[in-house]
Amino acid sequence: MKKLISLTICIPTFNNSHTIVSVIDEALDVAKKTSSTYRIVVLNDGSTDKTVEILKHYKRNPAVTILTHAVNQGYGRTIGELYSQGGTSKWLFTLPGDHQIHPNQLLRLVPHQDTADMIIGWRVKRHDPAIRLMQSWIYNTLLRLFFGLPIHDVNSVRLMRTHILKEIMVSSRSAFVDAELCIKANQLGHRIKEVAIDHHEDLQKGSGGNWKTIIGTLNDMVRNVGS
Amino acid sequence: MRKQSVRVTTEPQKVLLTGGSGLVGSRVAELLQKKYIVAAPGRGELEIIKKDQVFEYVEKFYPDVIIHTAAFTDATKAEKERGSTDRACWQVNVVGTKYLNEAAKRIGAYFIFISTGSVFAGTKDNPGPFTEDNEPPKDPSRLSWYGWTKNRAEQFVDGAIIRISHPVKKEGPGVERDYIYNLLNLYQKGSLYALFTDQFFPITWIDDVAKTIDLLITKRSQGVYHVASPDLVSPYELMRYITSKGLGSRPGLVPTALSEFLQNAKNPLRFTQFCAIDSRKTQKLLRIRFLSWKAMVDRTRNHL
């Protein structure tokens, strides 16, 4: 496989103390395999469990940068902030801290580096509760109807060229940020591709299902339809 | 933001299929190629009983799905290897499956294993047909050696198991080993001797296997599935129907009882009287209908 020139892996985490070590270690492992130079940025979104202490172990690892929100800000703000952490890397890869998506799934995306600018991992079979699947289906259907966005799984992992993120100003502060990024990237003529990936059992409950997240996302969605 | 259709390319999934030159694998590969990127390496490119080769191939191609159809299927030869775990039948069927399952797990690929009704051995009191939920026996005493190796291989599968029974297809590689073709061949050579009247099983249309695999790939379902005609047939009845389809009458379709035949057979375990599988649950779950055995015979007329 042709390696990437340089890569930043961004990991948002909120109360993932049981999984975060394996996610970071495996991310380091797969980064080594797929890119000539690499770094990892972890953004702790105000975790209230042992995440803070665990992340201290990585202080001496020059390849790992730890950022912290003192108070929980939610998925949208956290991922939005991480999108600006690409630094000088040519490529940026986002990865959840809960290990639902194994870091090695990056290997499925890298082969498309020459034919796409943004490569989204499509969780073909999601091992999530029915209610989550239903919400996700409604959300992705709304995106298709209102924005012509034909993506199966928009809030999944993605590998993208960092320069896209420098051209685009994302205004959403909710989970809509991922969709906004796709829509704007397409308007600028960037090539988007989705590739099947593997998804594990949900070990910990994500925030996708709660009302705060849903209302925030709908709010950003309506704002974008209007503009 | 103006509404404008967003262009997104959905990349076809990659499928690694073992046994691509075999009776089942060749047809499945041909049908899946329309929708997936299929690699079907021959034995020269990938030897499944060599762990290093399996892992190297899998990590290089990085498939989304691995379909394992390669198998040692010659039940008569297998019987001569009974009890030996270092000979070909056990190595290919059990060890090869174990390696492929491990490799699939490592890269997060979905694993589909093609198995057989021969993992079952019923009795007169419990003759089957056996459903997806029936547990196959846990000791080899009444199974053929072939059936026992497939039975053990199933234990290693984390993914989907598709059991089939006497696979047949219209044409293509390996068709000479398909059940209808083989019966006809022997008949035409005049060497078809005994046709059992008391052994009942379904037969499997290989195109139905490919359809089932396609549905399973979409669903990524785990567990056991049976693909076979909804109706059972005995070899005698099957041959009578085949010959009624236009072959000139030849003397000597000799009805024989398997139960009598077995009393004098040298390797009685090679023939399993009760190993029919029932595919109703799979058809219901996947909302699919499998061909009846007569419909299969009708579609294989070019064998005649």
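The values are calculated or read from the model by the stated rules, or taken from the named source; none is laboratory data. Remember, it's a predicted structure, so these values are computed and weren't measured experimentally. Positions of Cβ are backbone-derived with ideal geometry, glycine not excepted, and every protein chain shown enters the neighbour counts.
Which count do you get for residues in segment A:84-105 that are crowded, with 22+ Cβ neighbours inside 10 Å, out of contact with any strand residue (DSSP E or B) (no Cβ under 6 Å at 6 or more places or on another chain) and part of a helix (DSSP H, G or I)?
1
Of the residues A:40, A:11, which is in contact with a Phe, Trp or Tyr (Cβ under 9 Å, 6 or more places away or on another chain), modelled with pLDDT of 95 or more and among the hydrophobic types (A, V, I, L, M, F, W, C)?
A:40
Just need a number here: residues in segment A:137-152 that are surrounded by 19 or more Cβ atoms within 10 Å (Cβ to Cβ) and in contact with a Ser or Thr (Cβ under 8 Å, 6 or more places away or on another chain).
Of the residues in that region, 1 qualify.
Is there a residue being within 19 Å of the chain's Cα centre (by Cα), at pLDDT 85 or above and loosely packed, with under 15 Cβ neighbours inside 10 Å anywhere in segment B:270-280?
Looking through segment B:270-280, at least one residue is within 19 Å of the chain's Cα centre (by Cα), at pLDDT 85 or above and loosely packed, with under 15 Cβ neighbours inside 10 Å.
Within segment A:75-95, is there a residue that is in contact (Cβ under 8 Å) with a residue 24 or more places away in the chain, within 14 Å of chain B (Cβ to nearest Cβ) and in contact with a His (Cβ under 7 Å, 6 or more places away or on another chain)?
no
Taking into account only those residues within segment A:196-216 that are within 20 Å of residue A:118 (Cβ to Cβ) and more than 7 Å from chain B (Cβ to nearest Cβ), which is modelled with the highest pLDDT?
So the residue we want is A:197.
Looking at segment B:82-92, which of the residues that are surrounded by fewer than 24 Cβ atoms within 10 Å (Cβ to Cβ) and of a type in the set (A, V, I, L, M, F, W, C) is nearest to the other protein chains (Cβ to nearest Cβ)?
B:92
Residue check, residue A:132 against (1) more than 12 Å from chain B (Cβ to nearest Cβ); (2) outside any helix (DSSP H, G or I), all met but one. Which one?
Failing condition for residue A:132: (2).
What number of residues within segment B:93-122 satisfy the criterion of being surrounded by fewer than 23 Cβ atoms within 10 Å (Cβ to Cβ), away from every other protein chain (no Cβ under 14 Å) and among the aliphatic types (A, V, I, L, M)?
2
Which residue, of B:121, B:104, B:88, is touching a residue at least 60 places away in the same chain (Cβ under 8 Å) and either on the phi > 0 side of the Ramachandran plot or not charged (D, E, K, R) (or both)?
On inspection, the qualifying residue turns out to be B:121.
Do you know which of the residues in segment A:138-197 that are out of contact with any helix residue (DSSP H, G or I) (no Cβ under 7 Å at 6 or more places or on another chain) and of a type in the set (Lys, Arg) is farthest from residue A:111 (Cα to Cα)?
A:144
Name every residue in segment A:109-122 that is within 11 Å of chain B (Cβ to nearest Cβ), surrounded by 15 or more Cβ atoms within 10 Å (Cβ to Cβ) and either without any contact (Cβ under 8 Å) to a residue 12 or more places away in the chain or not in a helix (DSSP H, G or I) (or both), in order of residue number.
Once the filter is applied, which keeps residues that are within 11 Å of chain B (Cβ to nearest Cβ), surrounded by 15 or more Cβ atoms within 10 Å (Cβ to Cβ) and either without any contact (Cβ under 8 Å) to a residue 12 or more places away in the chain or not in a helix (DSSP H, G or I) (or both), segment A:109-122 yields A:116, A:118, A:119, A:120, A:121, A:122.
Has segment A:160-167 got at least one residue that is within 11 Å of chain B (Cβ to nearest Cβ), in a helix (DSSP H, G or I), touching a Leu at 6+ places or on another chain (Cβ under 7 Å) and buried (at least 19 other Cβ atoms within 10 Å of the Cβ)?
Within segment A:160-167 (the criterion being within 11 Å of chain B (Cβ to nearest Cβ), in a helix (DSSP H, G or I), touching a Leu at 6+ places or on another chain (Cβ under 7 Å) and buried (at least 19 other Cβ atoms within 10 Å of the Cβ)), the answer is no, since none of the residues qualifies.
Taking interchain pairs and intrachain pairs at least six residues apart, which have beta carbon atoms under 6 angstrom, with the first residue in segment B:38-65 and within 14 Å of chain A (Cβ to nearest Cβ) and closer than 20 Å to residue B:157 by Cα and the second hydroxyl-bearing (Ser, Thr, Tyr) and surrounded by 21 or more Cβ atoms within 10 Å (Cβ to Cβ)?
B:65/B:110
For segment B:109-127, which residues satisfy the criterion of being out of contact with any Leu (no Cβ under 9 Å at 6 or more places or on another chain) and of a type in the set (Gly, Ala, Ser)?
Passing the criteria: B:115, B:117, B:122.
Quick one: in segment B:7-37, which of the residues that are buried (at least 24 other Cβ atoms within 10 Å of the Cβ) and within 14 Å of chain A (Cβ to nearest Cβ) is nearest to residue A:194 (Cα to Cα)?
Result: B:15.
Confirm whether residue A:106 is in contact with a helix residue (DSSP H, G or I) (Cβ under 7 Å, 6 or more places away or on another chain), within 13 Å of chain B (Cβ to nearest Cβ) and among the hydrophobic types (A, V, I, L, M, F, W, C).
Judged against the criteria, residue A:106 is a match.
Give me the residue from segment A:22-45 that is in contact with a His (Cβ under 8 Å, 6 or more places away or on another chain) and surrounded by fewer than 18 Cβ atoms within 10 Å (Cβ to Cβ) and, out of that set, farthest from residue A:108 (Cα to Cα).
This residue is A:22.
Collect the residues in segment A:1-23 that are in contact with a Lys or Arg (Cβ under 8 Å, 6 or more places away or on another chain) and either β-branched (Val, Ile, Thr) or under 12 Å from residue A:96 (Cα atoms) (or both), keeping them in residue-number order.
Those that are in contact with a Lys or Arg (Cβ under 8 Å, 6 or more places away or on another chain) and either β-branched (Val, Ile, Thr) or under 12 Å from residue A:96 (Cα atoms) (or both): A:5, A:8, A:9.
Just one of A:193, A:125 is within 8 Å of chain B (Cβ to nearest Cβ) and assigned to a strand (DSSP E or B); which is it?
Every option except A:193 fails the conditions.
(1) among the aliphatic types (A, V, I, L, M); (2) outside any loop (DSSP other than H, G, I, E, B); (3) under 17 Å from the mean Cα position of the chain (by Cα): which one isn't true of residue B:121, the others all being true?
Of everything listed in (1) among the aliphatic types (A, V, I, L, M); (2) outside any loop (DSSP other than H, G, I, E, B); (3) under 17 Å from the mean Cα position of the chain (by Cα), residue B:121 misses just condition (2).
State whether the residues of segment A:115-132 include one that is at pLDDT 90 or above, out of contact with any Ser or Thr (no Cβ under 9 Å at 6 or more places or on another chain) and among the acidic types (Asp, Glu).
yes
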